[in-house]
């Protein structure tokens, strides 16, 4: 990752539809001022835009420590962490199955119900490791489980298969998003640990090597993906500016 003359990390902004960024010392502010249901707006900073995935930098073991806060009301998604940017054609790579380790927020109607007992929206620590050997073996029982869930409304079996298919682990965060908190992600060789203000909130037994890219963002999109086979993507109207403020305190392998 490039550094400026003071030795601090620098990131490339990736702005879509009027998203913008501001800086106040070491704090970056990502802002969506307004958006409609026909225009995607994204304010993002990352270290991978324009790179092929084999050139993404970050692998385990790694530690990320940041201070962050988000605007009290967000219409869309926001967060920070690492992923493999699975669908972006700018990566000069074919689409691939997603991997992600991050602190993630999604506002209703966003509903990605990946882990039984964890709401599909809200502020959470989350891991998803789909790009791995064995994924397609779990895809075989997924179809009959989805059919059963659609016919009967009983989703317990589909939820279990869905979670194993995605290798998903999540924990909701019971904190005030609008206040400053310290967020830590320790990405180990065989597990990923998340902590907020020194308290561990999730330990995910996932052996994800990488490489992944760093990203922090806020936008106006939502997605619905549930064990009942529901899938939907859309955009939300934003009438009041919404933002994510983040200061990276440590990012090291």
- request: Of all residues in region 229-238, count the ones that are over 16 Å from the mean Cα position of the chain (by Cα) and either buried (at least 19 other Cβ atoms within 10 Å of the Cβ) or part of a strand (DSSP E or B) (or both).
  value: 6
query: Out of (1) modelled with pLDDT of 90 or more; (2) on the phi > 0 side of the Ramachandran plot, the odd one out for residue 101 is which?
result: (2)
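Based on what the data block shows, is residue 222 within 15 Å of the chain's Cα centre (by Cα), surrounded by 20 or more Cβ atoms within 10 Å (Cβ to Cβ), touching a residue at least 40 places away in the same chain (Cβ under 8 Å) and farther than 30 Å from residue 36 by Cβ? So that I can check it myself, show each step before the final result.
Values: within 15 Å of the chain's Cα centre (by Cα): yes; surrounded by 20 or more Cβ atoms within 10 Å (Cβ to Cβ): yes; touching a residue at least 40 places away in the same chain (Cβ under 8 Å): yes; farther than 30 Å from residue 36 by Cβ: no.
In short, no.
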- line: Note on region 191-212: residues in a strand (DSSP E or B) and surrounded by fewer than 22 Cβ atoms within 10 Å (Cβ to Cβ) are 193, 195, 196, 199, 200, 201, 202, 203
- prompt: Name the residues in region 31-77 that are crowded, with 20+ Cβ neighbours inside 10 Å and assigned to a helix (DSSP H, G or I), would you?
  reply: 53
message: Can you pull out every residue in region 175-190 that is surrounded by 17 or more Cβ atoms within 10 Å (Cβ to Cβ) and under 15 Å from residue 62 (Cα atoms)?
response: 183, 184, 185, 186, 187, 188
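The values are calculated or read from the model by the stated rules, or taken from the named source; none is laboratory data. Nothing here was measured: the structure is a model prediction, and the numbers come from that model. Here Cβ is always computed from backbone atoms with ideal geometry, including for glycine, and neighbour counts include all displayed protein chains.
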